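The values are calculated or read from the model by the stated rules, or taken from the named source; none is laboratory data. All figures in this text were calculated on a predicted structure; none of them were measured in a lab. Here the Cβ is made from the backbone with ideal geometry for all residues, glycine too, and neighbour counts use every protein chain on show. Ligands, DNA and RNA are stripped out before the accessible areas are found, and what is left, the full protein with its side chains, is counted by its heavy atoms. Shrake-Rupley method; radii C 1.70, N 1.55, O 1.52, S 1.80 Å.
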Amino acid sequence: MSLADLTFDRWRALDRDAAHRLACEAARSVGGRLVEFGGTPRPGGVVHRAVIERGGELFALIPGGEVAVGFDLERWRPLPEQLDSYRTQSLAGGFGFDDDLVAHLARCLTPRRTATVPTVLMAVEPRELPEEAESVQDFLTERGLRLPAPDEWEHACGAGAKTLFRWGSACPLDRAPYGEHDDPGGHRRRPNAFGLRIARDVYESELTSDPGSVYGGDGGEAVCGGYGDFVAWLPLATANRNPGMAEFLNGPEGEDMGDECGLRPVLDLG
């Protein structure tokens, strides 16, 4: 199988040796080298992890094809502690949230859907736009890179998971979702199945090619605003596009704030 034929479904169906060969081929195709290889068992097969070093920067191989992204709210049932947090903290705070938690999430999360995305290399860590750069577009284009599309970001973050968060449906409501706080369950700081360090800190918002879709964080709005423990974790949900954050960044007050959001460069293969 060639890289041109590689899809997420085929990637999960490959045995370890075949996946390793394709990972090495991907590394050679961009003048890089494979520095990490492993796998995470998932329904439908192992999600292989291939991290490639190129020009001093680490990229993860993200197989594409026809994939499922977004979140299925019709099948979701909140955990008792999540519902309690929303009712006793978020609603009691007088923030104008919808009485129904599902209705609140429907405004924040993209719906479950099928998308077709390319197989790419994506930066393991987000990076900041240098002060001397004139624009995000110019900075990335001159390096042969680009921003991920929203569907690409969600697919790369969730790595096939159908759960609310990339790691599962639960979140620890006894600690804040930012910084280097104690994280015994590895909910935030651990890389995802593809090897990306993503959706790990609500202060780490990331831009996509769509100005109206900002992922990975809300700039700390929910935490600082005291919106409630569960709502504070929601910006880390894979399908949370943070419409409020995008609206702020695209408005007059956020005109100079876009440079403070993270960029997760994408390197196209082929």
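Here are the numbers:
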{"quantity": "Test result for Val231, modelled with pLDDT of 95 or more and either acidic (Asp, Glu) or touching a helix residue (DSSP H, G or I) at 6+ places or on another chain (Cβ under 8 Å) (or both)", "calculated": "yes"}
{"quantity": "Enumeration of residues in the range 1-29 that are outside any helix (DSSP H, G or I) and under 19 Å from Val117 (Cα atoms)", "calculated": "Met1, Ser2, Leu6, Thr7"}
{"quantity": "Sole residue being modelled with pLDDT under 90, of a type in the set (A, V, I, L, M, F, W, C), open to solvent by less than 50 Å² (accessible area, probe 1.4 Å) and more than 18 Å from Arg127 (Cα to Cα), chosen from Ala239, Ala246", "calculated": "Ala246"}
{"quantity": "Qualifying residues in the range 10-31 (those that are out of contact with any helix residue (DSSP H, G or I) (no Cβ under 8 Å at 6 or more places or on another chain) and under 22 Å from Arg197 (Cα atoms)) - the one most open to solvent (accessible area, probe 1.4 Å)", "calculated": "His20"}
{"quantity": "Unique match (being open to solvent by less than 50 Å² (accessible area, probe 1.4 Å), touching a Phe, Trp or Tyr at 6+ places or on another chain (Cβ under 9 Å) and part of a loop (DSSP other than H, G, I, E, B)) among Gly219, Gly212", "calculated": "Gly219"}
{"quantity": "Subset tally (residues that are open to solvent by less than 30 Å² (accessible area, probe 1.4 Å) and either assigned to a loop (DSSP other than H, G, I, E, B) or out of contact with any Leu (no Cβ under 9 Å at 6 or more places or on another chain) (or both)) for the range 154-167", "calculated": "7"}
{"quantity": "Of residues in the range 35-80 being assigned to a loop (DSSP other than H, G, I, E, B) and among the acidic types (Asp, Glu), the one least open to solvent (accessible area, probe 1.4 Å)", "calculated": "Asp72"}
{"quantity": "Total residues in the range 90-124, condition within 18 Å of Gly226 (Cβ to Cβ) and not in a loop (DSSP other than H, G, I, E, B)", "calculated": "4"}
{"quantity": "One residue from Pro118, Pro148 being in contact with a helix residue (DSSP H, G or I) (Cβ under 9 Å, 6 or more places away or on another chain), open to solvent by less than 20 Å² (accessible area, probe 1.4 Å) and in contact (Cβ under 8 Å) with a residue 60 or more places away in the chain", "calculated": "Pro148"}
{"quantity": "Test: Ala170 is more than 19 Å from Glu128 (Cβ to Cβ) and open to solvent by 10 Å² or more (accessible area, probe 1.4 Å)", "calculated": "yes"}
{"quantity": "Extreme residue, nearest to Ala199 (Cα to Cα), among residues of the range 125-145 that are assigned to a loop (DSSP other than H, G, I, E, B) and open to solvent by 80 Å² or more (accessible area, probe 1.4 Å)", "calculated": "Glu128"}
{"quantity": "Pairs with Cβ under 6 Å, 6+ apart, first in the range 209-223 and touching a residue at least 60 places away in the same chain (Cβ under 8 Å), second part of a loop (DSSP other than H, G, I, E, B) and among the hydrophobic types (A, V, I, L, M, F, W, C)", "calculated": "Ser209/Leu147; Ser209/Ala149; Gly216/Ala199"}
{"quantity": "Top-ranked residue of the range 222-236 - restricted to ones that are in contact with a Phe, Trp or Tyr (Cβ under 8 Å, 6 or more places away or on another chain) and not aliphatic (A, V, I, L, M), ranked as surrounded by the most Cβ atoms within 10 Å (Cβ to Cβ)", "calculated": "Trp233"}
{"quantity": "Pair list, Cβ < 8 Å and 6+ apart or interchain, from the range 129-145 residues that are on the phi < 0 side of the Ramachandran plot to residues that are surrounded by 12 or more Cβ atoms within 10 Å (Cβ to Cβ) and small (Gly, Ala, Ser)", "calculated": "Val136/Gly258; Phe139/Ala133"}
{"quantity": "Selection from the range 81-113 of residues that are among the charged types (D, E, K, R) and either closer than 30 Å to Phe37 by Cβ or loosely packed, with under 13 Cβ neighbours inside 10 Å (or both)", "calculated": "Asp99, Asp100, Arg107"}
